[in-house]
Every structure is written in structure tokens, then in C-alpha cells.
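Input: a single structure, listed below in C-alpha cells.
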Amino acid sequence: MVDKSNFATVRTDLEGQRADDVGAPLVSAIIPCLNEERTLGICIRKALDVFAKRDIKGEVVVGDNGSTDRSVEIAESLGARVVHQRVKGYGAAISAAAEAARGKYLIMADADDSYDWSSLGDFIDALEGGAELVMGDRFAGGIEPGAMPALHRYLGNPVLSTIARWLHHSPIHDFHCGMRGFTRDAFRRMGARSPGMEFASEMVINAHRAGLVIREVPIKLYPDKRGRPPHLRSFRDGWRHLRLIVAHAPNTMYLIPGATLLVAGVAGLAILAAGPIRIGGWYFGIHFVALSAMATLIGLSAILFGMLAKVAIAIYHPVHGGRMVRWLMRGRPLEWLVFSGGMLAASGFVADVLLALHWIFVGGPMEQSVHLTFVTTTACVAGMSMVLSGFVLKLLLDNLDDRRVF
């Protein structure tokens, strides 16, 4: 993650006095830019036309990401403010422009004229109607021929949006639409910080997490008019979206599957610890003990990683509460994990040693105690995982404690 303190050349405090300035604009049009001289002027003029037709005070803020063509000159000649962003990336450019914006409502879209800035009014109306985040829906509004590569239209966007809706319980149809509007307070509460294209996914995920009012408006997508390849790289940026979507879903990806595996694994080990059994004519032997041990360890690891993930997310997105994080902050998880994990590991280790001594000094076939050996070894590994995770969790909680108050 990139520190947002580096995002803008001149920072604007979203909670500061600018929002209360007399004569502040109602709407800020946010446009990220990197060598867009052929189309930037078209987008700025369309936004200004909407402001004039609706008789509202608006501004255009361009987040320039290091353009070497005439983009900056064109923007300034049309009255737009340009914020220079030295950190590369779509999200970095958007963040810089949004932080410098003075409007009550911020509406963002690309500078390639693929999104029609003339439809700005639909987003303004939705925001005026109480929405805090307004998402465009290209699939509902229509995609012009040549506007979206077939790979993105029929595979990339639908698959990523489906995964995101499932993992984050989101009703948003077009998760990655680049035209969207939000209030200044909503931008602060979303707290998106990714510098790249995945910034778009992080905004929606954090908006749901913060409990924002979200609406969708149909928009049409047109072919871009830049006459050059887009900045988007299908597989690189698709992977960046996917990894962020997965990493931000600890309940679905870690905790729920982990708890399921842990319960099933512990039950299997308890039933098979004494030796093979038959249930309804089915034989359950050593292979099922191994499967139970695997389920136990993977399940426990998933739960521990899920706890760490929840605290890590809360560190940089303090708006979101969460019962588990509150419980961890108020309790003594380090001591609990170290004590219970240490006792579990010590018990397993002692049992393993006793079994080894029995084999050495008493003799007898080892096969009779193999099941129990699996159980005791699993206990050792599980206990040590709990102990080590406890110390990592304490480091994260100490960091979180400095940033948030419950």
C-alpha cells in the first residue's frame, strides 16, 4: 500500500475548512490524466456544459500523473485546476484530485471520452436524492461496439463482479465501472488507498463496510477516442483487482471455511484416535486420520489468518467496527492464545514422547498407536501456531490501538 500522505503535491484536508468555504462549488468533476491531450478537452467542456445548463457552481479538477504531452496546458486553458501526482497509478491520480476538490459532490470518470461527461446530471440527482456513492452501470446502460474488449465484457468484468458480489454481499452489478459519484464525507469514510486500478474495487468494498447508501445509474460506454492503447493491462490489473477482493473478505475466505474445517477435523481425530472404526460397513482407517489432521490444521490456520486480516484491515480503515475486532481490542488475545496454545502443544509433545519411549522400551507393533500419534502431533503443531500467531496479533493490535477508539 502507498501512503496517502504522498498522494497530492498540495494536500486538502477533507474534514477541514475548505468544505465550509463561502462560495465553494456544489460539484467537483474529477478526471485522472496521463497523456490525454486528444480527449481531455472534450471531457472538460462536457462537464462545464452540464454545470452551465443546470445553473450550478462546479469545478473540474484534473489529477495529472506525469503527462508529457499538452494535457496540462489544455486543462488549465479551459479553467480546470491541475493537481500534479508524482505517485504513479490510477488510484493515486484520483485520490490526489479528490483530496484537492472543494465540491460537496465529487464525480469521477476517465479522460478518454469513453464515459459521457454529459450524463453528469444523473449522478448529481442521485446524490441530491440521498445517495452517498453512485455507481454507473455500463451493462444496464449499453456498451457501444468496440467500447470494451470481448475478454473484459464477457469474462473479466462479469467474473470479477460476481466474485466481489459473493464475497462482499454486494448488490452492485458493474463493480468496476469507472464513472461514479460520491460525497466528500463518503470519500473520507471509504478510505481507499490503493494506487493502481484496484482502487475502483477498494472504493466499493470499503463503501459497503462503512455502511454508505449506494445507488446505481445506467450509463452508456463508448469507444475511447485517444487513438492509442489504453493504460489498462488486462491480466496484470485483473489480478490486482482479484487479490484485493479476496484479501478484503476474511469472513468468507478465512473464518467460515476455517471454522467448518476445524470442527470436522477435530471430530474426525476424536473418533479415530483409538484406532480404525467401521460405520455402516464403511472402514475408516489411517488415511481418514491424516485427512482429519489436515482439516484441523488448515482450519485453525484459516481462523488465525482471518483474525489477523480483520485487524490489519481495521488499522487503515478505522471507520469500520466489527465485533471480532472490538472483542480482540477489549480482551487479552495474546495471553489466551499463548496459554491455550502452549498447553495444547506441551500436551501433544509429552504424549508423543511417552509413545516414543513406549515403542523403545516396551516394544510391540507401532501400528496400534499410529492413530494416536497423528492426534498428538497435530496438537503440537496447532498449539505452536496459536502461540506464534498470538504475538503477531499483539503487534497489529498495538498499532490499531494508537489509531482508533472504541
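The values are calculated or read from the model by the stated rules, or taken from the named source; none is laboratory data. This is a predicted model, so every value here is computed, not measured. Using ideal geometry, Cβ is built from the backbone for each residue, glycine included, and neighbour counts are taken over all protein chains shown. These accessible areas exclude ligands, DNA and RNA; they are computed on the full protein's heavy atoms, side chains included. Shrake-Rupley method; radii C 1.70, N 1.55, O 1.52, S 1.80 Å.
In terms of modelled amide H atoms, which long-range or inter-chain residues lie less than 5 Å from the amide H of VAL60?
Correct list: ALA29, ARG81.
Please report the Cα spread of the range 236-364 along all three principal axes, rounded to whole Å, starting with the longest.
Extents along the principal axes: 61, 37, 30 Å.
Compute the length gained on full extension between ALA312 and ILE286: take 0.36 nm times their separation in residues and subtract their Cα-Cα distance, giving the result in nm to one decimal.
The ALA312-ILE286 span can extend by a further 5.5 nm.
Classify the chain: rounded, prolate or oblate, from the alpha-carbon gyration tensor (a ≥ b ≥ c, eigenvalue square roots; a/c under 1.5 rounded; otherwise prolate if a/b is larger than b/c)?
prolate
Once R0 is set to 25 Å, what does the formula 1/(1 + (r/R0)^6) return for the Cβ-Cβ distance between ALA150 and SER118, expressed as a FRET efficiency to the nearest 0.05?
According to the calculation, E is roughly 0.40.
For a bin width of 5 Å, list the pair-distance distribution of the range 194-300 built from all Cα-Cα distances, rounded to whole %.
Calculated over all Cα pairs of the range 194-300, the distribution is 2, 9, 12, 11, 12, 10, 9, 7, 7, 7, 6, 4, 2, 1, 0 percent.
What helices in the chain pass both tests, a Cα length along the helix axis of 18 Å or more and a mean Kyte hydropathy of 1.0 or higher, using whole DSSP H runs?
Once both thresholds are applied, what remains is 256-272, 286-316, 333-357, 370-401.
Return the carbon/sulfur percentage of the accessible area of the chain, one whole number, probe 1.4 Å, all protein chains in place.
63
Calculate how many DSSP beta bridges within the chain are antiparallel, expressed in % of all such bridges and rounded to the nearest 5.
If we restrict to bridges inside the chain, about 35 percent are antiparallel.
So for the range 45-184: antiparallel DSSP bridges make up what percent, rounded to the nearest 5?
Roughly 65 percent of the beta bridges in the range 45-184 run antiparallel, per DSSP.
Given a Förster distance of 41 angstrom, what is the FRET efficiency for VAL246 paired with ILE279, based on the Cβ-Cβ distance and rounded to 0.05?
The computed FRET efficiency comes out at 0.65.
Given contacts defined as C-alpha pairs under 8 Å and at least six residues apart, what's the relative contact order of the range 246-387, whole-number percent?
30
If you place +1 on the Cβ of every Lys and Arg, -1 on the Cβ of every Asp and Glu, and leave all else neutral, what size is the dipole of the chain about its Cα centre, to the nearest 20 Debye?
Dipole magnitude for the chain comes out near 340 debye.
Using θ = phi - 60° and the Karplus curve 6.51 cos²θ - 1.76 cosθ + 1.60, what whole-Hz ³J(HN,Hα) does each residue of the range 210-225 get, with Gly and Pro shown as x?
Values per residue, Gly and Pro as x: 7, x, 6, 7, 10, 10, 10, 10, x, 9, 9, 10, 10, x, 6, 10 Hz.
Counting each DSSP H run of 4 or more residues in the chain as -39500 (n - 2.57), what helix-only mean residue ellipticity at 222 nm follows after dividing by all residues, to the nearest 500 deg cm²/dmol?
Value at 222 nm, helices only, nearest 500: -16000 deg cm²/dmol.
Would you mind working out the magnitude of the charge dipole of the range 113-236 relative to its Cα centre, with +1 at each Lys and Arg C-beta and -1 at each Asp and Glu C-beta, to the nearest 20 Debye?
Once rounded to the nearest 20, the dipole reads 520 debye.
With unit charges on the beta carbons (Lys and Arg positive, Asp and Glu negative) and the dipole taken about the Cα centre of the chain, which residue among SER71, PRO145, PHE235 sits farthest to the positive side?
PHE235
Just subtract the alpha-carbon distance of PHE349 and ARG54 from 0.36 nm times their residue separation and send over the number in nm, one decimal.
98.7 nm
Amide H to amide H, which residues 5 or more places from LEU221 or on other chains are under 5 Å from it, using H placed in the peptide plane?
GLY142, ILE143, GLU144
Pairs to check: LYS104/LYS220; LYS88/LYS310; LYS46/LYS225; LYS53/LYS225. Give those whose C-alpha atoms are more than 19 Å from each other in this structure.
From the list (LYS104/LYS220; LYS88/LYS310; LYS46/LYS225; LYS53/LYS225), the Cα-Cα distance tops 19 Å for LYS104/LYS220; LYS88/LYS310; LYS53/LYS225.
Restricted to Cα positions, what overall size does the range 170-256 have along the principal axes? Three whole-Å values, descending.
That works out to 46, 29, 22 Å along the principal axes.
If I stretch the segment between THR68 and ARG323 completely, what's the gain in nm (0.36 nm per residue apart, minus their alpha carbon distance), one decimal?
Contour length minus the Cα-Cα distance gives 86.9 nm.
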